[in-house]
1. May I ask which residue of TYR46, PHE110, ILE75 lies farthest towards the positive end of the charge dipole of the chain, with charges of +1 (Lys, Arg) and -1 (Asp, Glu) on Cβ and the Cα centre as origin?
2. Starting from the Cα gyration tensor of the range 75-206, take the square roots of the eigenvalues, sort them a ≥ b ≥ c, and report rounded, prolate or oblate (rounded when a/c is under 1.5, otherwise prolate if a/b is larger than b/c, else oblate).
3. Which ³J(HN,Hα) values in Hz, rounded to whole numbers, follow from the phi angles of the range 174-179 under the Karplus curve 6.51 cos²θ - 1.76 cosθ + 1.60, where θ = phi - 60° and Gly and Pro get x?
4. What FRET efficiency, computed as 1/(1 + (r/R0)^6) with R0 = 35 Å and r the Cβ-Cβ distance, is obtained for ASN168 and ARG36, rounded to the nearest 0.05?
5. Given a 1.4 angstrom probe, what's the average accessible area per residue across the chain, in square angstrom?
6. How high is the FRET efficiency between ASP111 and GLU74 when r is their beta carbon distance and R₀ equals 45 Å, given to the nearest 0.05?
7. In the range 124-211, what trypsin sites (Lys or Arg not before Pro) fall in a loop by DSSP, with at most 14 other Cβ atoms inside 10 Å?
8. For ILE98 and LYS9, what is the calculated FRET efficiency with R₀ set at 45 Å and r taken between the beta-carbons, to the nearest 0.05?
Amino acid sequence: MNESKLDVKKRAVIEIAENLFLSQGLATTEMKEIARCASISRSTLYRMFDSRETLAFAVADKCLHELFDPKPMEIYGTDRSGFEILRSYSSNLIETMIQGVRYVKYLSEFDQMFSGDYPDTPEARKYVQFNRQRHDRQILLNILRLGTEDGSIRGDIDANMLELTIGNTLLGVAQRILPREKNYRQEYGYGREILYNVMELMLESVRNKDA
């Protein structure tokens, strides 16, 4: 389907807002600056997006796409156990977050700004819907189910809860450490190693030790 001229303009504005939000922070970026960088008037910008918060959801949606772009299960090999695939999947996710640390940092800012109720806007609803239906979540769920079926992953843990726990824990620890990794190394002597260690602790807790 061809994009309308308005859709093209809105997408361009979102890209400009993304660059500003990621480079100088969500809280310090003003709509007048976005309008100036987009070479449009503020009134035109407000006709497209009624607030900075509305734009923030559109950018958060893009960041999630960048971090959680799903990889097909086939890339992990078809002759491996579900637990082995889970390890590869988790490690791959961490590597993606390390490479996309600016997206991780933005989502941390976003979470702080919207710690209460989300606004009732199309962008916010789209963001929530995408989070609920992310394809990478289904892939992780399939990996967990494969592991319980082949006996490599414990079968006494709810797979849906486990999928949410793994994804949210790794992202949460990444948000805490990766944007401040240099400081962490100065203070504690460790950086991303903590994230990998959390991964190993989670994996060990779900591994079927009787397999």
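1. Result: TYR46, furthest along the dipole toward the positive end.
2. Details: a/c = 2.16, a/b = 1.20, b/c = 1.80.
Taking the square roots of the gyration eigenvalues as a ≥ b ≥ c, the range 75-206 is oblate.
3. With coefficients 6.51, -1.76 and 1.60, one gets 4, 5, 6, 9, 4, x Hz.
4. 0.40
5. Working: 11990 Å² over 211 residues.
Result: 57 Å² of accessible area for each residue.
6. Details: r = 33 Å, r/R0 = 0.73.
After rounding, the FRET efficiency stands at 0.85.
7. On the way: sites: ARG125, LYS126, ARG132, ARG134, ARG137, ARG145, ARG154, ARG176, ARG180, LYS182, ARG185, ARG192, ARG207, LYS209; in loops: ARG134, ARG154, LYS209.
Those satisfying the criteria are LYS209.
8. Numbers: r = 34 Å, r/R0 = 0.75.
That pair, ILE98 with LYS9, gives E of 0.85.
The values are calculated or read from the model by the stated rules, or taken from the named source; none is laboratory data. All of these numbers come straight from a predicted model, not from anything done at the bench. Here Cβ is always computed from backbone atoms with ideal geometry, including for glycine, and neighbour counts include all displayed protein chains. The area values use the complete protein model at the heavy-atom level, side chains included, leaving out ligands, DNA and RNA. Shrake-Rupley method; radii C 1.70, N 1.55, O 1.52, S 1.80 Å.
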